[in-house]
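Derivation of every value follows stated rules applied to the coordinates shown; laboratory data play no part. All of these numbers come straight from a predicted model, not from anything done at the bench. All Cβ positions, glycine included, derive from the backbone under ideal geometry; neighbour counts span all protein chains shown.
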Amino acid sequence: MKRNLGWSRNTAESKLKEASFFLNLFRLAETSEEQVYFLSAFLSAGRSLTAALEKRYRHSYSTWKSGSTNDERELLNLMTQERNDEIHEAGASRGVTICLPTLGTGSESDPATSFMTLKYKGKALPALPLCEEYLSLLRIAIDYVLPAQK
């Protein structure tokens, strides 16, 4: 017998909050190792949300996604692939880029002087803005697929 997993707007909002929680931890990470863990958790929470919307609300989600811009669809696909690589392969396509401040020295473990990158459109871009954009797209998807009751 198949279980009813009861995906509703409240469930989707909860998953969005989970993704936001891990993104905030990613922002505050004190080491590159912590960044890796929090990025993985963020990607998993985001993917569990999109997977549920795709499965349970196929037509609405497909309509929303096809109406998105090419850049938005590429970002959604990137984050899905990053999550899949993180879970099923050797890890996401992340890298750590060192940015030295004007004064002092930096190290890979110092969050003030380093940031994680993701490969997007053939370039290594800072992961945080990509993740923030992805979180915004998840919010838009929820609002489209599961509109708030009035």
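Quick notes on this one:
- Note on Glu54 and Glu33: with the Förster distance fixed at 22 Å, the Cβ-Cβ geometry gives a FRET efficiency of about 0.10.
- Sorted by Cβ density within 10 Å, fewest first, the residues Arg139, Arg83: Arg139, Arg83
- Remark: the Ser14-His88 segment gains 24.2 nm on full extension, using 0.36 nm per residue and subtracting the alpha carbon distance.
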